[in-house]
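**Student:** Right, I'll just put the structure down here and ask away after.
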Amino acid sequence: MKASIRIFSSFALALLLFSCGHKHTATEITLDNGSKWTANPETTIGINNMIGLMDAFKAKEDTEAYKSLASSLGDEFQLIFKNCTMEGEAHNQLHNFLLPMKDLFDGFKSKELSVQKETFDKLKAYLMSYPEYFQ
């Protein structure tokens, strides 16, 4: 299981950085002159699917279950990049939103249940902030 999470993390980061043909580094997310950016439907569906996975997660006392959740979240994360059709500054801002999630996913690899729970709460709150920046 550890190997699959390590592979997922490496693959997700590589996919994130190179799948769209541009190299990105995370910076602060900004609005479009005070307005939300328009995201492609597949991105919004992917984010909503990730929120749904987290809403459905009930095994909050099982360290192995968090690792399984991370795998499922990773699948959705990868689909967001695979289906990315956004361009220009909206695309850049999407990457600014998505890049910090990689660090959050890393918390699910911990052997400490408290770290996994904290990661869960942080990631859930972060995903819920998506509509603040994108429509």
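**Student:** How much FRET efficiency would the formula 1/(1 + (r/R0)^6) give for SER110 and ASN83, where r is the Cβ-Cβ distance and R0 is 30 Å, rounded to 0.05?
**Tutor:** 0.50
**Student:** At q = 0.24, 0.25 Å⁻¹, what log₁₀ I(q)/I(0) does region 32-121 have when each alpha carbon counts as one equal point scatterer in the Debye sum?
**Tutor:** For region 32-121 at q = 0.24, 0.25 Å⁻¹, log10 I(q)/I(0) is -1.18, -1.24.
**Student:** State in Å² the accessible area per residue of region 25-109; use a 1.4 Å probe, count heavy atoms of protein chains only, and round to the nearest integer.
**Tutor:** 48
**Student:** Quick one: pull the percent of accessible area on region 54-97 belonging to carbon and sulfur, 1.4 Å probe, ligands and nucleic acids left out.
**Tutor:** 44
**Student:** Shifting gears a bit: Using R₀ = 22 Å, calculate the FRET efficiency as 1/(1 + (r/R₀)^6) where r is the Cβ-Cβ separation of LYS102 and ALA65; round to 0.05. Write down the numbers at each step before the final one.
**Tutor:** Values: r = 21 Å, r/R0 = 0.95.
Step by step, r from the Cβ atoms, then E = 0.60.
**Student:** Counting only residues 5 or more places away or on other chains, whose amide H sits under 5 Å from the amide H of ASP32 once H atoms are built in the peptide plane?
**Tutor:** HN-HN under 5 Å from ASP32: TRP37.
**Student:** Next question. Work out, step by step, the length gained on full extension between SER72 and THR30: first 0.36 nm times the residue separation, then minus their alpha carbon distance; give nm to one decimal.
**Tutor:** Here the segment from SER72 to THR30 would lengthen by 12.3 nm.
**Student:** Each residue of region 109-120 in turn: what ³J(HN,Hα) in whole Hz from Karplus with 6.51, -1.76, 1.60 and θ = phi - 60°, glycine and Pro shown as x?
**Tutor:** 7, 4, 8, 8, 4, 4, 5, 5, 5, 5, 4, 4
**Student:** Here's something else I'd like to know. Using a 7 Å offset from the Cα along the Cα-to-Cβ direction at both THR38 and ASP55, what is the distance between the two label points in nm, to one decimal?
**Tutor:** The two pseudo-label positions are separated by 2.6 nm.
The values are calculated or read from the model by the stated rules, or taken from the named source; none is laboratory data. Since the model is a prediction, treat every value here as computed from it, not as a measurement. Cβ atoms come from the backbone with ideal geometry, glycine included; neighbour counts cover every protein chain shown. To get the accessible areas, we keep the full protein, side chains included, count just its heavy atoms, and leave off ligands, DNA and RNA. Shrake-Rupley method; radii C 1.70, N 1.55, O 1.52, S 1.80 Å.
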